[in-house]
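Chemist: The structure is given below, and queries will be raised subsequently.
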Amino acid sequence: MNDNIGDWLMTPAVGVAEDEAPLLILAHGAGAGMDSPFMNNMAERLAVRGVSVARFNFSYMARAVREGRRIAPPRAERLMDEYRARVSHWTERGRRPFIGGKSMGGRVASMLADELFGEGAIRGLVCLGYPFHPPGRPQNLRIGHLQSLRCPALICQGDRDPFGTRAEAEGYELSQLIRFCWLPDGDHDFKPRVKSGESWAGNMDMAADCIAEFIRRRAAELGA
């Protein structure tokens with residue numbers, strides 16, 4: 001069940017008290033907002049695995065929704081202050097969330113992760129379909145900050161994601177604190193081809209299992 005609280009879209013953990021459930025802030029991708037089918041689907045899967053999910057729209061997306069038209073996102077760097085403010089909303093209320101997002105949202109979170117982790121504001125990073133490079137331009141990598149990342153991180157990625165396939169990503173020199181969850185034959189939304197014998201539901205479940213396990217392990221390491 002989703003609850004609108006202010007301009008947050010909350011999906012509370014099922015069967016866990018609000019103050020006991022780990023919290024994941026999940027930002028949307030470039031072209032679809034916080035209530036896209038992918039975001040709804042993943043939030044619901046995480047909730048039944050004991051993880052509360054807090055979603056929000058970046059200001060450009062909120063404007064696009066109000067005006068009923070598509071608006072291109074600004075550069076990822078220009079969204080960092082918005083994301084930082086969203087984390088502050090929770091830390092000021094005594095929470096220490098995990099941060100992450102789908103595609104662009106995960107990239108923005110990853111650019112803030114070391115700063116916020118160093119401050120003790122967050123517990124870890126979760127990226128869903130990280131955009132390692134623009135489709136068709138594998139030479140334009142967006143991995144500089146991931147090579148020295150000090151914040152524990154999980155990246156859930158489709159094997160054949162055009163923003164960074166498994167074959168490509170396994171050749172990158174990334175921080176040893178980054179774990180991968182590879183989704184069989186998955187594209188950028190984790191969807192496999194029919195001929196693969198895999199299913200989107202199966203890949204979404206696998207990703208949710210990986211995220212919940214990563215969050216549980218981090219909580220155990222932190223003793224909370």
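The values are calculated or read from the model by the stated rules, or taken from the named source; none is laboratory data. Computed from a prediction, not measured in an experiment: that's the story for all the values here. When we count neighbours, we look across all protein chains shown, and the Cβ atoms used for this are built from the backbone with ideal geometry, even at glycine.
Chemist: Surrounded by 13 or more Cβ atoms within 10 Å (Cβ to Cβ), farther than 28 Å from residue 145 by Cα and not charged (D, E, K, R) - does that describe any residue in the range 67-77?
Modeler: No, the range 67-77 has no match at all.
Chemist: Kindly indicate whether residue 107 is touching a Pro at 6+ places or on another chain (Cβ under 6 Å), without any contact (Cβ under 8 Å) to a residue 40 or more places away in the chain and in a helix (DSSP H, G or I).
Modeler: The answer is yes for residue 107.
Chemist: Whether any residue in the range 92-101 is among the basic types (Lys, Arg), in a helix (DSSP H, G or I) and out of contact with any strand residue (DSSP E or B) (no Cβ under 9 Å at 6 or more places or on another chain) is what I want to check.
Modeler: So far as the range 92-101 goes, no, none of its residues is among the basic types (Lys, Arg), in a helix (DSSP H, G or I) and out of contact with any strand residue (DSSP E or B) (no Cβ under 9 Å at 6 or more places or on another chain).
Chemist: Right, next: Which of the residues spanning the range 188-210 are of a type outside the set (Asp, Glu) and part of a loop (DSSP other than H, G, I, E, B)?
Modeler: Within the range 188-210, 188, 190, 191, 192, 193, 197, 199 qualify.
Chemist: Which of (1) assigned to a helix (DSSP H, G or I); (2) within 15 Å of the chain's Cα centre (by Cα) is the odd one out, the single condition residue 168 does not satisfy?
Modeler: Checking residue 168 against (1) assigned to a helix (DSSP H, G or I); (2) within 15 Å of the chain's Cα centre (by Cα), the one that fails is (2).
Chemist: Could you list all residues from the range 66-78 that are in a helix (DSSP H, G or I), over 15 Å from the mean Cα position of the chain (by Cα) and of a type outside the set (Lys, Arg)?
Modeler: Within the range 66-78, 67, 77 qualify.
Chemist: Could you count how many residues in the range 134-165 are in a loop (DSSP other than H, G, I, E, B) and aliphatic (A, V, I, L, M)?
Modeler: Result for the range 134-165: 3.
Chemist: Using beta carbons and a limit of 9 Å, which pairs, at least six apart or on different chains, have the first residue in the range 127-154 and within 11 Å of residue 169 (Cβ to Cβ) and the second one among the basic types (Lys, Arg) and surrounded by 13 or more Cβ atoms within 10 Å (Cβ to Cβ)?
Modeler: 130/107; 130/142; 132/142; 133/142
Chemist: So, residue 138, is that one more than 18 Å from the chain's Cα centre (by Cα), at pLDDT below 95 and farther than 25 Å from residue 52 by Cβ or not?
Modeler: When the stated conditions are applied, residue 138 passes them.
Chemist: Collect the residues in the range 19-65 that are part of a helix (DSSP H, G or I) and under 16 Å from the mean Cα position of the chain (by Cα), keeping them in residue-number order.
Modeler: Listed by number, the residues that qualify are 37, 38, 39, 40, 41, 42, 43, 44, 45, 46, 47.
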